[in-house]
Protein chains: 2
Amino acid sequence: MRRTGRRPGNPDTREAILAAARDAFAEKGYDGASIRGIATGAGVDPALVHHYFGTKDKLFLATMNAPMDPLEVIASAAEGPVEQTGERFVRIFLEIWDGPAGSAGVALLRSTVGNEWTTRLFREFILTQILRRAVPKLGLDGDEGRLRVTFAASQMVGMAMARYVIKVEPLASAPPEVVVAAIGPAVQRYLFGEMPGVFPAA
Amino acid sequence: MRRTGRRPGNPDTREAILAAARDAFAEKGYDGASIRGIATGAGVDPALVHHYFGTKDKLFLATMNAPMDPLEVIASAAEGPVEQTGERFVRIFLEIWDGPAGSAGVALLRSTVGNEWTTRLFREFILTQILRRAVPKLGLDGDEGRLRVTFAASQMVGMAMARYVIKVEPLASAPPEVVVAAIGPAVQRYLFGEMPGVFPAA
């Protein structure tokens with residue numbers, strides 16, 4: 001059944017696109033899935049997919065019920081004095097996860113880890129979308145930049161695991177400003193610090 | 001059927017105890033499950049449970065197929081110069097997870113996160129067993145010590161997620177000594193460093 005031409009804003013259309021997108025990403029991976037193929041699967045025009053969801057990465061995040069767009073978080077954290085980038089990262093992250101979107105974040109982490117296939121799909125998205133764009137956005141470069149960002153990401157993911165998924169006290173109930181003061185400098189060092197034995201001194 | 005009296009070393013007995021322990025932990029939580037109840041469930045004498053598995057925490061780790069005993073890792077890392085404790089932690093952790101036990105670690109993380117109940121069971125174990133004993137073992141104290149250890153744990157869990165579960169490059173393939181040089185100092189700071197805004201200066 002062709003559903004092209006339904007008016008924008010129709011929740012059935014939106015759901016049909018999301019369902020087709022979930023199928024396509026699960027079947028073909030992130031790179032293999034196309035907006036055109038997803039539109040065909042949903043029985044709508046590709047323009048309507050763009051209208052509802054924008055780009056493929058935003059559609060992917062919508063299918064995963066992501067509580068945030070990592071690239072928007074990175075763009076926000078990159079604005080301002082570079083020496084406070086780590087703190088801004090942690091603060092923005094906590095504002096989202098301590099808020100109503102936090103439960104979506106927990107569900108996303110659970111499903112990412114849940115089975116090998118969702119893990120692989122998420123890995124592909126991180127590598128081709130987040131990492132490739134985050135590194136230049138932060139003024140970093142090449143293999144060193146990628147390694148720095150993955151070290152920082154490991155701390156952010158671990159904080160989400162400890163505070164929001166496993167909920168281990170006293171970290172789970174620590175005031176956000178305490179968490180920012182503790183973890184911000186570690187993230188800052190990973191992104192921009194000198195790290196003997198990791199990278200040659202600048 | 002009572003199976004008391006089977007000779008030690010019988011794999012069926014061992015499996016029967018593990019199965020009864022899994023049921024008991026799932027049904028009653030870590031604190032609620034007892035060696036006596038588990039022995040009854042397996043149809044063996046409680047002494048045989050101790051003979052096979054030692055203490056309740058070791059039996060719990062065996063039911064979870066844990067790749068390591070966190071308390072042994074902490075005890076090893078606590079030995080030696082205090083200013084290298086963070087590096088020793090990360091090094092011991094990597095030796096285990098980079099080795100043949102790593103896949104058990106990934107399975108454990110997956111099952112910990114997999115559903116609310118296993119997460120809660122694991123949280124209870126962390127709080128009542130690991131944290132309570134790790135804090136004094138590291139020469140730390142009270143709420144500050146517990147918060148320090150949970151910050152350090154958040155980085156270790158995040159590293160396991162990024163390197164072994166999600167396997168995001170280039171972190172997944174980075175040489176262990178590079179990971180130790182990057183993450184060791186962050187763990188060291190969480191455990192023993194001055195952290196303005198987190199704890200009052202000593």
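Data overview
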| read-out | value |
| --- | --- |
| Residue that is farthest from B:PHE199 (Cα to Cα) [pool: residues in the range A:142-154 that are open to solvent by 10 Å² or more (accessible area, probe 1.4 Å) and within 7 Å of chain B (Cβ to nearest Cβ)] | A:ASP143 |
| Within the range A:190-200, considering residues that are more than 8 Å from every other protein chain (Cβ to nearest Cβ) and aromatic (Phe, Trp, Tyr), the one least open to solvent (accessible area, probe 1.4 Å) | A:PHE199 |
| Given (1) more than 14 Å from chain A (Cβ to nearest Cβ); (2) closer than 18 Å to B:ALA26 by Cβ; (3) surrounded by 15 or more Cβ atoms within 10 Å (Cβ to Cβ); (4) under 16 Å from the mean Cα position of the chain (by Cα), index of the condition B:ALA77 fails | (2) |
| Every residue from the range A:109-123 that is part of a helix (DSSP H, G or I) and facing chain B (nearest Cβ under 10 Å) | A:LEU109, A:ARG110, A:SER111, A:THR112, A:VAL113, A:GLY114, A:GLU116, A:THR119, A:ARG120, A:PHE122, A:ARG123 |
| All positions within the range B:35-57 that are more than 16 Å from B:GLU15 (Cβ to Cβ), assigned to a loop (DSSP other than H, G, I, E, B) and touching a residue at least 12 places away in the same chain (Cβ under 8 Å) | B:ASP45 |
| Sole residue being of a type in the set (Val, Ile, Thr) and open to solvent by 20 Å² or more (accessible area, probe 1.4 Å), chosen from B:VAL165, B:VAL179, B:VAL157, B:VAL187 | B:VAL157 |
| Contacts under 6 angstrom Cβ, first residue in the range B:82-110 being within 24 Å of A:THR112 (Cα to Cα), partner not in a helix (DSSP H, G or I), 6 or more apart | B:ILE96/B:PRO67; B:ILE96/B:MET68; B:ALA101/B:PRO67; B:ALA104/B:ASN65; B:ALA104/B:PRO67; B:GLY105/B:PRO67; B:LEU108/B:MET64; B:LEU108/B:ALA66 |
| Residue in the range A:92-99 that is open to solvent by less than 50 Å² (accessible area, probe 1.4 Å) and touching a Phe, Trp or Tyr at 6+ places or on another chain (Cβ under 9 Å) present | yes |
| Per-region count, the range A:119-141, residues open to solvent by 30 Å² or more (accessible area, probe 1.4 Å), over 12 Å from the mean Cα position of the chain (by Cα) and free of Cβ contacts under 8 Å to residues at least 24 places away in the same chain | 3 |
| Scan of the range B:161-189 for residues that are more than 7 Å from chain A (Cβ to nearest Cβ) and part of a loop (DSSP other than H, G, I, E, B), ordered by number | B:ALA172, B:SER173, B:PRO175 |
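The values are calculated or read from the model by the stated rules, or taken from the named source; none is laboratory data. Small disclaimer: the values here were computed from a predicted structure and weren't measured. Using ideal geometry, Cβ is built from the backbone for each residue, glycine included, and neighbour counts are taken over all protein chains shown. The area values use the complete protein model at the heavy-atom level, side chains included, leaving out ligands, DNA and RNA. Shrake-Rupley method; radii C 1.70, N 1.55, O 1.52, S 1.80 Å.
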